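J.: Pasting a structure below so you can have a look.
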Amino acid sequence: MACHAATTPGVRDPLSTSAMSIGAGASAKRRSRRRLAALLRALAAMAAAVVLLAFSSPPSAATEAAVAPTRQFLVNAPKARSQLLDAMTTWNRGAVPPPWAPRGSTPFHVALSRDWSRVYPSGTTVIAQARGGCIHVEAACAAVAVGDEREASFVAAMRGGVVTLLSCYRDKTDGGDVWAVVDATKDGSGNAHVLFALAAAVGVLPPGDTDRAVAVVAARERLASIRSSPTDAEGGY
């Protein structure tokens, strides 16, 4: 004997309504998949056409003329080198103290005032200080490449940057480097940047140089601190 659910005239059977909704949803999904497939076929056809055009005909003289200035700018190493050397020279007019500066003055400061005069780097982060040293290394290498006499000034500033890192940011009690002179917290990226700066300094200072030996020892200490302290029990830093 078949069982049929009683229905009230004018009221939809909930089972039938549910089945209709499911069927409508399935149809919508099928339409959506068909539209997506059509879109993918169109994109594939467009990509194939672009590849065919790229390999079937060489660029015109007009296209080459339009692209040449951009290409030249992207690989214009002499211009970039010149800009780097000039920028660092301007910076060092304020960062490097004059000969009459008080004895013991640090010869490299990241923080400068608006008129390029020196400002004590109390709020300068360890990352900014480390990057300043790395930039001076890059400037020194660029000067060497073209025989620029300013190389010595960049190396001198870099030496001062190392001195500042080791004297102002180093935590002599717990190891590593603090975030800033006025902030004793520590940051993993900040300590890594100090390691980069010390390694860069070692790369340009000659063997037997006292500052180079100090940088080597300090770099090894930083590496040991990074490996032992800011590590997570599940791996990583």
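The values are calculated or read from the model by the stated rules, or taken from the named source; none is laboratory data. Please read all numbers here as calculations on a predicted model, not as lab measurements. Using ideal geometry, Cβ is built from the backbone for each residue, glycine included, and neighbour counts are taken over all protein chains shown. Quick note on the areas: whole protein, heavy atoms, side chains included, nothing else; ligands and nucleic acids left out. Shrake-Rupley method; radii C 1.70, N 1.55, O 1.52, S 1.80 Å.
J.: Looking at residue 78, is it surrounded by fewer than 17 Cβ atoms within 10 Å (Cβ to Cβ) and either modelled with pLDDT of 65 or more or at positive phi (or both)? Reasoning before the result, please.
T.: On the way: surrounded by fewer than 17 Cβ atoms within 10 Å (Cβ to Cβ): yes; either modelled with pLDDT of 65 or more or at positive phi (or both): yes.
Yes; evaluated as a whole, the condition is true for this residue.
J.: When you check residue 163 against the structure, is it part of a helix (DSSP H, G or I), under 16 Å from residue 133 (Cα atoms) and either of a type in the set (D, E, K, R) or at pLDDT 90 or above (or both), yes or no?
T.: Numbers: part of a helix (DSSP H, G or I): yes; under 16 Å from residue 133 (Cα atoms): yes; either of a type in the set (D, E, K, R) or at pLDDT 90 or above (or both): no.
Spelling it out, it is not the case that residue 163 is part of a helix (DSSP H, G or I), under 16 Å from residue 133 (Cα atoms) and either of a type in the set (D, E, K, R) or at pLDDT 90 or above (or both).
J.: Something else now. Looking at (1) surrounded by fewer than 21 Cβ atoms within 10 Å (Cβ to Cβ); (2) over 23 Å from the mean Cα position of the chain (by Cα); (3) part of a helix (DSSP H, G or I), which one does residue 199 not meet, given that it meets all the others?
T.: If we test residue 199 against (1) surrounded by fewer than 21 Cβ atoms within 10 Å (Cβ to Cβ); (2) over 23 Å from the mean Cα position of the chain (by Cα); (3) part of a helix (DSSP H, G or I), just (2) comes out false.
J.: Moving to a separate point now. If I ask for residues that are surrounded by fewer than 18 Cβ atoms within 10 Å (Cβ to Cβ) and either modelled with pLDDT of 90 or more or not polar (S, T, N, Q) (or both), which ones from segment 120-133 would you list? Break it down stepwise before answering.
T.: First, pick out the residues of segment 120-133 that are surrounded by fewer than 18 Cβ atoms within 10 Å (Cβ to Cβ): 120, 122-123, 128, 131.
Hits for segment 120-133 are 120, 123, 128, 131.
J.: Any chance you could count how many residues in segment 144-166 are among the hydroxyl-bearing types (Ser, Thr, Tyr) and closer than 12 Å to residue 89 by Cβ?
T.: Number satisfying all stated conditions: 1.
J.: Is it the case that segment 206-220 has a residue that's touching a Pro at 6+ places or on another chain (Cβ under 7 Å), open to solvent by less than 30 Å² (accessible area, probe 1.4 Å) and not charged (D, E, K, R)?
T.: Checked against the condition, which is being touching a Pro at 6+ places or on another chain (Cβ under 7 Å), open to solvent by less than 30 Å² (accessible area, probe 1.4 Å) and not charged (D, E, K, R), segment 206-220 yields no hits at all.
J.: Can you name every residue in segment 140-164 that is in contact (Cβ under 8 Å) with a residue 40 or more places away in the chain and open to solvent by 10 Å² or more (accessible area, probe 1.4 Å)?
T.: Restricting attention to segment 140-164, the residues satisfying the condition of being in contact (Cβ under 8 Å) with a residue 40 or more places away in the chain are 140-143, 145-146, 148, 150, 153-164.
Matches in segment 140-164: 141, 142, 145, 146, 148, 150, 153, 155, 156, 159, 162, 163.
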